[in-house]
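Following: one structure in C-alpha cells, then a few remarks.
None of the figures in this text is laboratory data; all of them are computed from the coordinates on show. All values reported here derive from a predicted model rather than from experimental measurement. Please note: Cβ atoms are built from the backbone with ideal geometry, for glycine as well, and neighbour counts cover all protein chains shown.
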Amino acid sequence: MKITPINGFGSYGVFVDDVDFENITEEEWIELGKLNTKTLVTIIRNAKFDPTKMSEFMDKWGPKRYSGLLTISKFYPDVPIKRIIELGLRNKEPISQEHCTVIQERFKTRSPGGSQRVTDQKDKNGGTTGMFPDGELYWHSNEAANLIFAPGVCLYGQENMKGSSTGFLQTADYYEDISESFRSELDNMVVIHKWQDGKIHESIHQTQEKLMQLSMNPDEVARIPMVIQSPGGIKGLHYSINTVWGIEGMNKAESDKLFERLNKELMTEKYVYDYWYENDNDWLFFDNSITNHRRLGQVKNRLAYRIQHGYDHVQVDNYNPYLQEEFATEYNVRLNELQNFMVSNFNV
C-alpha cells in the first residue's frame, strides 16, 4: 500500500495506491478510515473491488447516515415506518403523493449492496435508476442544512468515469490563513440555512429535488454554527454553499456581502482540487463537515455508487461537530433519535 499527498490541495488530501482488497486486514482498513479523518479527502486509485461489498466495508468505519425516512415518519406518527414504505411504494393513503414519489425514487436508486447509484442509466421504461443523472453539480455538501449531517461520504466509480471529475473545496486551510480577528468573528457566527431549489443543479428532476430536501433540510429553517470541527478534530467552516441563506444578527444584504467575500476567497486554486478520474474503479472518501464537493465533465453512461456514513468505529471519542454547548447538546439528542430509529426499524 502506497500513500502520497495530493499536490494542489493545501495541507490535506492523499492518494492511496496498491490496495489489495482480497487480502486487506480489518486493522489495515480501520487505519485507512483513521487516515481519512485526518486528510479530509482520500482517493484509492484503481481499487480492484467488488462494489456489492461496499456496504460491508463502510460499516466497519461507521453506520450509514440518512435522515430522510426519519423525516417522513414524523408526518405519520401512528404508522410504522416499514408500513409507510410499503404504502409509499404502492401509492396508497394515508401517504401523500409527494412522499410516495420520494419513497419510490429513494428505493429505485438503491443498489442491492445497500449503496445508492449515481448514474444517468435508464431502466427499460426510460426511468431514472440513479441520483443526479444529468449535467454538472454545483458546490454542495450532503445533508447541508441538517444539524446531524452525515460526516463522511464515499463514492466508488464503476463505469465510464473517465472524462468526469469530483471536486473538493476545503475550508480548513482557509480558516487558518485568515486574520485572527476575522477568525474570531466566524467563530461566533450562526448561519441560517434554507432549502433553495436549483442550488445543486438548476434542472434536476423535481422528485430528486424533494428527496434531497427531506434529508438535507428537514427543518424549514436551520441554525448551524459557521465554524465546526471535522471527525478528525480539524476546525473549518460548515459553509454549505447550496443552503446558506443568512447570518444570525445580520440583515440579508449584510449576509450576502459576507457570502460574496467567502466565495471569492475560498474558490481559488489554493483550496480547490478537482479529481479527474483516472480509472473506472477509483474509490473516493471525503469529509462532509467542512468540505464541499462538486461534479464536472461528462456523465453519459457513467455509473458510481455512493454511501453516506459516520466514523464511529475509527474514532477514540464520539464525534460531535459543535463547539458551542447549545448545538452540541441538541446534536446528541437528535443523533440518538436517529440511531434509535434505525436500530428499532432496520436493525442498523
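Numbers below:
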item	result
Contour excess over end-to-end distance, with Cα ends at PHE107 and LYS53 and 0.36 nm allotted per residue	17.6 nm
Extension gain from GLN324 to GLU86, taking 0.36 nm per residue of separation minus the Cα-Cα distance	81.6 nm
Gaussian network model of the chain, springs between alpha carbon atoms under 10 Å - residue of SER184, SER55, SER230 with greatest fluctuation	SER184
Global form of segment 54-131, assessed from the alpha-carbon gyration tensor, a/c cut-off 1.5	oblate
Equivalent ellipsoid semi-axes - Cα gyration tensor, the chain, angstrom	28, 26, 21
Exposure proxy order (Cβ contacts within 10 Å, fewest to most) of ARG183, ARG117	ARG183, ARG117
Global form of segment 163-268, assessed from the alpha-carbon gyration tensor, a/c cut-off 1.5	prolate
For segment 100-184: span of alpha carbons on each principal axis (Å, largest first)	58, 33, 22
Residue-count net charge about ASP50 - beta-carbon cut-off 11 Å; Lys, Arg +1, Asp, Glu -1	0
Centroid-to-centroid separation of segment 220-282 and segment 106-154 [C-alpha atoms, Å]	21 Å
Cα gyration tensor, segment 1-91 - rounded (a/c under 1.5), prolate or oblate	prolate
Gaussian network model of the chain, springs between alpha carbon atoms under 10 Å - residue of HIS238, HIS205, HIS309 with greatest fluctuation	HIS205
Simple spin-label estimate for LYS122 and GLU265 in nanometres, 7 Å along Cα-Cβ	4.7 nm
Excluding exposed DSSP-loop GluC sites (Glu not before Pro) (at most 15 other C-beta within 10 Å), longest clean stretch of the chain	23-201
